[in-house]
Amino acid sequence: MRRDRDPAGRPRNARPRDGLGRPLDRAADPGSAADRIPDDLVITGAEAAALADRLLRDGRPFHAHEVLEAAWKSGPPGERDLWQGLAQIAVGLTHARRGNARGAVALLSRGAERVRGYQAGASSQAVDGSPSRADSQRAVGQPASPFGMNVDAFLAAADDLAARIERDGLDGIPLADLSPGLLAGA
């Protein structure tokens, strides 16, 4: 089967998907498909943080991943690890909701490690050697909050969830624990 492509020849997937991003049969009832995040979404960091937060809290981590991926593709190089790591955490939450404990632990851990440079007190540099945008938005002694995100709390939730899943499996993990918020004070 040929893959869907946009006019420029880049791969696209027009297949309908369920709420956790799993492809549905092309002939599936359109009412069973979840809303899609556009493949060509261009979004600011603040918009991405707000939309991803809402999607995560609504139990739609796959869609949050797509928003975070759009932010990393359209954002400046100094933010790449932030957005990629957050997207990986969202994929880890997707794996957990799909029942894949091993994938959940791997992606939650990998994503959290990538985002650690954005925690309070961490120092990181952009590709050009200048302070990263996270450093410029972070006040000394305050929780890391690029674009209003509470990175410290989000990473703590990801780390805790990965440890619990690795120790006990997915049974008994409340759905609320698979829907962590990203924004500070939200």
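The values are calculated or read from the model by the stated rules, or taken from the named source; none is laboratory data. What you see is a predicted model, and the numbers here were worked out from it, not measured in a lab. Glycine gets a Cβ as well: all are built from the backbone with ideal geometry, and neighbour counts include every protein chain shown.
Side notes on the structure shown:
- Number of residues in the range 71-98 that are over 12 Å from the mean Cα position of the chain (by Cα) and among the small types (G, A, S): the value is 4.
- Output for the range 98-123, where each listed residue is at pLDDT below 95, part of a helix (DSSP H, G or I) and of a type in the set (G, A, S): G117
- Test: residue in the range 20-27 that is closer than 15 Å to G92 by Cα and at pLDDT 65 or above: yes
- Scanning the range 54-89 for residues that are closer than 14 Å to R114 by Cα and of a type in the set (F, W, Y) yields W72, W83.
- Selection count where residues are surrounded by fewer than 19 Cβ atoms within 10 Å (Cβ to Cβ), charged (D, E, K, R) and in contact (Cβ under 8 Å) with a residue 24 or more places away in the chain, scope the range 81-109: 1
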